[in-house]
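J.: Here it is, the structure, as structure tokens.
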Amino acid sequence: IQVAAAVVFLVLSSVLAYYMANRAMRPIMRSFARQREFVADASHELRTPLSVLHSSIEVVESEEEERLSEFSRQILHDAKDEVQMMTSLVGDLLTLARADSGVLEVNRQSFDLVDLSHQLARTFQPVLAQRNQSFTLHVPETLPVYADAERIKQLLYILLENAGKYTPDGGCITLEIGMERKGKEEHIRLAVQDTGIGIPPEQQARIFGRFYRIDKGRSRQMGGTGLGLAIAEWIVQAHGGTIHLQSTVGVGSTFTVLLPTTIDKAKRNEL
Ligand code: ADP
């Protein structure tokens, strides 16, 4: 009887402890949720005035071109850069706030990853060429996937943009797409490699953190928000994948993404 009473007591006290902990946590969770909502709402509300500001500067620039002094022109140019920077920051904040509150969904569709990589090559090649950086694409003939096309594009965009930004003029950037076997399972492998400045070992785990930048001054100068890799990591995780960094200072970095093969055979035929 004593043992039974002890068991009952233990069970009851654990249930009670669980209930109390749950009750105590509720206001904290509610406050976190409100905070996330606030960031999402604030970011959303800031988008319109920023876009109005951007257009207004452009109007003054074009209509008053002849009357503007060199000094005023420079001020307007800098102001436009700042507005652009803030627009990306607000956009990135909004993405992360929505991701945090679970309202950002992964909208999967069938598409060819190789077509997407050619599209990205067309965007990036001219930009990289301006800095004498070469861009090489290693892709199979076709690779049908069932994933969120917009988000995968955003992921590759972030990694390629960083590769270009953190690689000195004349460097090489490579995008490789293919399949990789990991254990028993096959994965889709996306790798962005650069011959850039590299990332010191002690910083490698931290660069995926929000607003974390190795060289704040340099990153800001280059137009970064410090949220790119945090968004990249979210996109990969939302697809059930992993992102891995291999880097050597002064030699370069490779960001490798492994995504589970969620290729629907029926959908493959639709492509
Ligand atoms: P940012 O907008 O500053 O580029 P990210 O989140 O995309 O922010 O990256 C975080 C930091 O990681 C960057 O500020 C930079 O210091 C470092 N980083 C990212 N990609 C690379 C790369 N390919 N080579 C060297 N450093 C990089």
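Bear in mind that the values in this text are calculations on the coordinates, not laboratory data. Just so you know, these numbers come straight off a predicted model, no measurement behind them. Cβ coordinates were reconstructed from backbone atoms using ideal geometry, including for glycine residues, and neighbour counts include every protein chain displayed.
J.: Using only the Cα atoms, work out Rg/Rh for region 160-215, with Rh taken as the Kirkwood radius, to two decimals.
T.: Details: Rg = 14.1 Å, Rh = 13.3 Å.
Answer for region 160-215: 1.06.
J.: Follow-up. Please identify the longest segment of the chain free of exposed trypsin sites (Lys or Arg not before Pro), where exposed means a DSSP state other than H, G, I, E or B and no more than 11 other Cβ atoms within 10 Å.
T.: Details: sites that count: Arg67, Lys184.
The segment 68-183 is the longest one with no such site.
J.: If you average the C-alpha positions of region 229-257 and of region 91-130 separately, how far apart do those two centres end up, in angstrom?
T.: Spelled out, the Cα-based centre of one part sits 14 Å from the other.
J.: Also, quick follow-up: Just His187, His77, His54 to compare: in a GNM of the chain, with alpha carbon springs under 10 Å, which one fluctuates most?
T.: His77
J.: So which residue, out of Gly178, Gly217, Gly164, gets the largest mean-square fluctuation from a GNM of the chain using Cα contacts under 10 Å as springs?
T.: Greatest mean-square fluctuation among the candidates belongs to Gly217.
J.: Roughly how big is region 148-189's charge dipole about its Cα centre, with Cβ charges of +1 (Lys, Arg) and -1 (Asp, Glu), in debye to the nearest 20?
T.: On the way: 7 positive and 8 negative charges, 30 e Å.
Magnitude of the dipole: close to 140 debye.
J.: While we're looking at this one, here's another question. Which of the aspartates and glutamates could be linked to Lys165 by a straight reach, that is with a Cα gap under 16 Å, when you skip same-chain ones fewer than 8 residues away?
T.: Candidates past the 8-residue exclusion: Asp194, Asp215.
J.: Taking the alpha-carbon set of region 63-157, what are its Rg and Dmax in Å?
T.: Taking only Cα atoms of region 63-157, I get Rg and Dmax of 19.3, 55 Å.
J.: Could you check which residue among Tyr166, Tyr19, Tyr146 shows the biggest mean-square fluctuation in a GNM of the chain with a 10 Å Cα cutoff?
T.: Tyr19
J.: Could you list the square roots of 5 times each eigenvalue of the Cα gyration tensor of the chain, that is, the equivalent ellipsoid semi-axes, sorted largest first and rounded to whole Å?
T.: 40, 30, 20
J.: Hey, another quick one. Loop-only GluC sites (Glu not before Pro) in region 1-104, please: DSSP not H, G, I, E or B, and at most 16 other Cβ atoms within 10 Å.
T.: Glu64, Glu65, Glu66
J.: Beyond 17 Å, how much of the Cα-Cα pair distribution for region 1-94 remains, as a whole percent?
T.: That fraction is 69 percent.
J.: Then there is this: Please get the size of the charge dipole for the chain, origin at its Cα centre, with Cβ charges of +1 on Lys and Arg and -1 on Asp and Glu, quoted in debye to the nearest 20.
T.: 1320 debye
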